[in-house]
Amino acid sequence: MGHIRQSFHIDAPIGHVWDMNADVRRMPEWDVNTIEIRDAPERMDLVGAKCTTVVRVLGRTMTGTVETTKVERPHLFEQKIGLPGGGRAEVTVTFVEAGGATEETIEFEYKLPGGMFAGVAERLLSGSIERDSRHSNENFKALCEATVPQPV
């Protein structure tokens, strides 16, 4: 299994960052691999909430599922992801309030589809997967900061 851990400082209040993360319909705006979200509830921050994702990874389009498995608002969000061919991932996102801003940490454990070749593929592709994850998280940070509600 591959593993990625990344941390970011987001200049936005923790409640706003949480709400942006919970609105899975906005995921194509910031996730570099997500093309479309289908069958999504309004919010994914309820245990058992599920949606279908259409992603493009290394030029290949795949349809998968995302299910929320644990929520501790506004600090912890866990999901499991299923992809065709046995691919899967578990994602844990934590948010910590930091003086009006938010510290976000993402841990991502994944297993690529492909049977006995998955381990080789993970070693070959781990750099690409990590770059896509970092780029997506930088996009998420920028979107959160650009959409902070302004006081009236």
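Derivation of every value follows stated rules applied to the coordinates shown; laboratory data play no part. Computed from a prediction, not measured in an experiment: that's the story for all the values here. No Cβ is skipped: glycine too gets one built from the backbone with ideal geometry, and neighbour counts run over all protein chains shown.
May I ask you to list the GluC sites (Glu not before Pro) in segment 13-49 that are in a DSSP loop and have at most 15 other Cβ atoms within 10 Å of their Cβ?
Filter output for segment 13-49: 42.
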* To do: Would you give the gap between the C-alpha center of segment 81-108 and the C-alpha center of segment 22-77, rounded to a whole Å?
  => 11 Å
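If you filter segment 6-83 for chymotrypsin sites (Phe, Trp or Tyr not before Pro), then keep DSSP loop positions with at most 12 other Cβ within 10 Å, what is left? Please list the in-between numbers first.
Working: sites: 8, 18, 30, 77; in loops: none.
Sites meeting the loop and neighbour criteria: none at all.
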* Structure fact -> Most exposed first, judged by fewest Cβ atoms within 10 angstrom, 1, 20 run 1, 20
* Pop a pseudo-label 7 angstrom from the Cα along the beta-carbon direction at both residue 8 and residue 70 and give the gap in nm to one decimal. => 2.2 nm
* To do: Would you work out the relative contact order for the chain, in percent, from Cα pairs under 8 angstrom that are 6 or more residues apart?
  => 29 percent
* Cα→Cβ-extended label distance, 7 Å offset, between residue 97 and residue 131, nm -> 3.9 nm
* Reachable lysines, given that their alpha-carbon falls under 24 Å from the alpha-carbon of residue 141 and they are not under 8 places away in the same chain -> 50, 70, 80
